[in-house]
Structure formats: structure tokens, C-alpha cells
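Read through the structure below, which is laid out as C-alpha cells, and then see the notes.
The values are calculated or read from the model by the stated rules, or taken from the named source; none is laboratory data. Predicted model only: the values in this text are computed from it and were never measured. Note that we place each Cβ from the backbone using ideal geometry, even for glycine, and neighbour counts take in every protein chain shown. For the accessible areas, the whole protein counts, side chains as well, though only heavy atoms, and no ligand, DNA or RNA atoms are used. Shrake-Rupley method; radii C 1.70, N 1.55, O 1.52, S 1.80 Å.
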Amino acid sequence: ELANRMAEKGADLVKALFNLGMMVTVNQTIDQDTAELLVEEFGHNIQRVSESDVDIDNTVDVDPAETLKPRPPVVTIMGHVDHGKTSLLDALRGTDVTRGEAGGITQHIGAYQVKTKAGDMITFLDTPGHEAFTEMRARGANVTDIVILVVAADDGLMPQTIEAINHTKAAGVPMIVAINKIDKDEANPKKIRERLLEHEIVVEEMSGDVMDVEVSAKKKIGLDKLIDAINLQAELLELKANPDRDAEATVIEAQLDKGKGPLATVLVTRGTLKRGDVFVVGTESGRVRAMHDDKGRQVKEAGPSTPVEVLGLGGVPRAGDLMNVVENEQRAREVATYRTEKANEKRTAMPVSNFENMFSALKSEMVEFPVVIKADVQGSVEAISTALGRLSNDLIKVRVLHSGVGAITESDVTLAAASGAPIIGFNVRPNAKARQQMEKDKVEMMYYDVIYHLTEEIAKRMAGELGPER
Ligand code: GDP
């Protein structure tokens, strides 16, 4: 869009950005300051039109270090179906020392908080699985700090376990392995640890740095150890946020309640959300009429990492939408109206880059070229991975986010979209739903039936990513 307006080539802008130290693809959004810099770089005049004059830009307003205070970790549980995700979520909820306090009746609002024996708080997202996780990430909402990968000790690594591993790796979120169903006679945790090695997950038991805990969600074994592991990981991450400012939150789930109207569970990411606050969330505006916690209790305010159900929205937002408290209703309506118009105008969904990955790539001066590979047979998957691996050098490296045999699925598309990666299909095609999703998310599809053609094209693109100066 910007290239068009300047009558320049998109690729030239990408190159210029690379020289400024930013790795972006041609259909990615950049912030206003970067855009200005780029326009000047190309010798054009800047004329500001509404965009950020109207909308809220959460990226520019960074909290000074001295305002930051420790906040609880936000944890998501993933794993294969029937390995015990739901059971573990319930068991962990049961460890809450505040349970049973006056009026404490369990409410499923999409997330809950546990106060541990040591007095620490942990927030769990109540929607297990990697689909929700990656969809949120694709929408720019990286709320999860730690992933717990549940693997049933009597079953082993299954397809969804591997997907969960790949989605977690792509997000750059640290993982704790919970080896579940340890109470069963057939349980073989040793085998699980060995199989994890094949996916480059080396657990502590095998002298690696990924924490692993043996648990039984059913018999409530090892739960304290798992909580300790979460706290330890959280400490390493030094999670902090400024609680003393207007709140910013992310929608975890939302629905239309017949009696109460639009309801949304939000997770406060910084600041403190208070009753009476005026806000804008996605394309909706509103005022906090009431808030409830996961125990159904009315609360007056909610600080960082706290999930609360909010009443008082003008409409139902989408999971992953950002909520911002603003100064008054007029401002809230202005932003909401502007966003609605923009959304109606043209739907150019675009992947939001993973900043963590980008920064780590920048630090090591190593550019990564992410791809998702699907092929008709395992032999092809391996041949392609090896061939692409050979294209890597000191400056750029192909990163296979996920690979597998069979048709391209929605899950592949969400993963690709979240990382701005193309999907390589070798003798396979997407199913109908995946095709729709691809169009919506603007994910690029590359079909091949000759490996040489594929490597040639990828090599060309990798050179393009690096630009002329490298
Ligand atoms: P999900 O699909 O991953 O959410 O798995 P569920 O939590 O629904 O568990 C699937 C089945 O495994 C249920 O029948 C549970 O009772 C059982 N299960 C879960 N955890 C354990 C455990 O620690 N030990 C045993 N023996 N069974 C378990």
C-alpha cells in the first residue's frame, strides 16, 4: 500500500526496511514512525492522514522501567485429545488455596486464577489446545507466557502433541512438559522423554533445560511440583507490567448473554481495569458496568494478568481483540466508528510478526525464513526438509515451523499466518476450509511436484530477504 502510494516497488521497501534493521514481508503492517522514516528515505513528502491520529497505537506508549511491577504468569495447556488437558485444568484449579472462600462458586469464564500455597498467583487460560492459542497469536494477541504440554504416559507423542510442540516453538513461548496418567500401570515416562528428543525437546531428566514433571490429574499426584515448575519458569521470565495506568486488556472469549447482553472475558495485560472505565475493544465501545472474577464474585478492579468477565459492552467483540481504556465516551465512539469503517472498507488480513523471534534473529544477525511443509508421503517431507536445510548459511536459515503428511488443514494455515510463513504443498492440496482460511489470512501457498523447483524458488526468495548488502 505504502509502496503503491509512492510509486515504488514493494521489494525495494522491504530491502530498505531490512537495512534499517527490520525484517518484514511485503504484506505486513508497519507502524507510523517506521513508515515516516521510510517515506523520507525514498525522498517523498509526508502527509499525515487520520489513521493513527484517530486510532490508538499501543506500541508507541511503552511503560518506563520504574513503573513495572511483577505480574502473575499466564499459562495455556496443550496436548493431544484425551491426554488429560481438561482433567489437569480442573485438578490445578482445585489447588487454589482461596477456594471455598465466601461465595466462591466456580464460574467458567475462559480463564481462572490460582493462589498457590506460597502465595503466588498463576493465571490459567481455560481453553486448552493449540488452535485457540495460534488463532489468538495470528490476531496479534500473545498473552500466553508459559505452555504446559500434556503427554499421557501410557500413550506417547501423538499428532496433536507434535502440532502443539511446533506451534509453541513458533511462538517462542517456553514449555513445561507434564507427563500425565502416571498412576496407570502401563505408564512409561522414560519412553516419552526419549521420544521428545526427536523433536529437539531435551527435558531436565535428560540433562536438558525443558522442565518435566510427572503428574496424575486423576489421582492428584505431582500437582505441587508442576506449580513449582511454573513459578520457577515465571521467575526466569521476569514478568512485569505497570499496574498504575489506564488498562489494556485482551479478549479471551466473548458471547451474547440473553439476560446480561454482550459479555467478554478479558485478561488485563497492563494497567488496572476499574468499574466505570470507558473503553474501546475491537470495533466496539462501552463502559465497565460490572466485573466478575472466575469465582463469580463482583470485583471493582482488576490488575495485570487478571481475567475478569466484563459487562457493559456495546456489542460482542472477538477473541484476541485488544481493549483500551480511553478518556471519555466520545473518544471511545470515535475510535470504534473509525475501526468499523476501516474493517468494512477493505479486509486485508495480515499476519502480525512475532517480535520475539524478530529480535532474537536481529541479535544473532541471523535471518530466519519460516515455512510450513505438507507432502503426500513421509519420504518427501524428509527430502524437502533436508534440501531446504542445505540452503541455510550463516546469515539466513530456513525454519520449518511444522511438517507433516496429508492435506493442508486449517491448523497449518493458522500457524503459517501467525508467523508470516508460506505453506509448501508437495503433491498435496488444501481442504476446502483451509482454502477459505488461506484467503482470509492471506497466507501464501506454494505447490510443487519437483523438489528441485521448490529449492530453486526458496533460494531466490532467501536472497531477496537478505537484500543487496549481504
Ligand atoms: P483432554 O481431551 O486432553 O481434555 O482429556 P481429558 O481431561 O478429557 O481426559 C481424557 C480421559 O483420560 C478421561 O477419561 C480422564 O478421566 C482420563 N484421565 C485424565 N487424566 C488422567 C490421569 O492422570 N490418570 C488416569 N488414569 N486417567 C486420566
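The protection proxy used here, the mean number of other Cβ atoms lying within 10 Å of each residue, ranks peptides 412-424, 381-393 as follows, highest first: 412-424, 381-393.
Shape class for the stretch 145-242, computed from the alpha carbon gyration tensor (a ≥ b ≥ c): oblate, with a/c not under 1.5 and a/b at or below b/c. Gain in length, residue 57 to residue 90, computed as 0.36 nm per residue apart minus the alpha-carbon separation, to one decimal in nm? Additional length available on full extension: 8.1 nm. The label point for residue 27 and the one for residue 463, both projected 7 Å from the Cα toward the Cβ, are 2.4 nm apart.
Taking each residue as 0.36 nm, the span from residue 99 to residue 67 lengthens on full extension beyond its C-alpha to C-alpha distance by 8.4 nm. In terms of packing, defined here as the mean over residues of other Cβ atoms within 10 angstrom, the peptides 425-432, 3-10, 166-173 line up highest first as 166-173, 425-432, 3-10. FRET efficiency for the pair residue 378 and residue 446, taken as 1/(1 + (r/R0)^6) with r the Cβ-Cβ distance and R0 = 30 Å, rounds to 0.95.
For the pair the stretch 253-319 / the stretch 1-26, the C-alpha centres are spaced 39 Å from each other. Ordering of 292-301, 83-92, 129-138 by packing is 129-138, 83-92, 292-301, highest average first (other Cβ atoms within 10 Å, averaged per residue). Pairs exceeding 18 Å between alpha-carbon atoms, taken from 181/218; 115/184; 374/433: 115/184.
Expressed in Å, the radius of gyration and Dmax of the Cα atoms of the stretch 263-352 are 13.4, 41. Pairwise alpha-carbon distances in the stretch 375-470 exceed 19 Å for 42% of all pairs. Can you give the direction-averaged projected area of the convex hull of the alpha-carbon atoms in the stretch 80-203, in nm²? Here the figure is 8.7 nm², rounded to one decimal.
Converting the Cα gyration tensor eigenvalues of the stretch 187-308 into ellipsoid dimensions via √(5λ) gives semi-axes, longest first, of 39, 18, 14 Å.
Assign one of three labels to the stretch 70-146, namely rounded, prolate or oblate, based on the Cα gyration tensor with a ≥ b ≥ c the square roots of its eigenvalues; rounded applies when a/c is under 1.5, prolate when it is not and a/b is larger than b/c, and oblate otherwise. Cα axes put the stretch 70-146 in the prolate bin. Ordered by 1.4 Å accessible area with all protein chains kept, 447, 112, 452, 338 run largest first as 452, 447, 338, 112. In the stretch 117-187 the Cα-Cα distances spread across 10 Å bins starting at 0 as 17, 46, 28, 9, 0 percent of all pairs.
Between residue 431 and residue 394, the simple spin-label model (points 7 angstrom out along Cα→Cβ) gives 4.6 nm.
Charged side chains reduced to their Cβ positions (Lys and Arg at +1, Asp and Glu at -1) give the stretch 1-154 a dipole of some 620 debye around its Cα centre.
Per the Debye formula on identical point scatterers at the alpha carbon atoms of the stretch 247-311, with no solvent, log10 I(q)/I(0) at q = 0.22 Å⁻¹ is -0.87. Report in % the part of the accessible area of the chain that belongs to carbon and sulfur, leaving out ligands and nucleic acids; probe 1.4 Å. The nonpolar share, carbon plus sulfur, comes to 49 percent.
Is the C-alpha gyration tensor of the chain telling us rounded, prolate or oblate? Criteria: a/c under 1.5 is rounded; beyond that, a/b larger than b/c is prolate, otherwise oblate. Oblate is the answer for the chain, as a/c is 1.5 or above yet b/c matches or exceeds a/b. Between residue 197 and residue 36, full extension at 0.36 nm per residue minus the direct alpha carbon distance yields a gain of 53.3 nm.
Excluding ligands, DNA and RNA, the accessible surface per residue across the chain is 48 Å² with a 1.4 Å probe. Stokes-Einstein, applied to the Kirkwood radius of the stretch 1-159 over Cα pairs at a viscosity of 1.002 mPa s and 20 °C, places its translational diffusion at 107 µm² s⁻¹.
In the stretch 391-445, the ratio of gyration radius to Kirkwood radius, Rg to Rh, stands at 1.01 when only Cα atoms are counted.
Across the stretch 290-334, Cα-Cα distances exceeding 16 Å account for 48% of all pairs.
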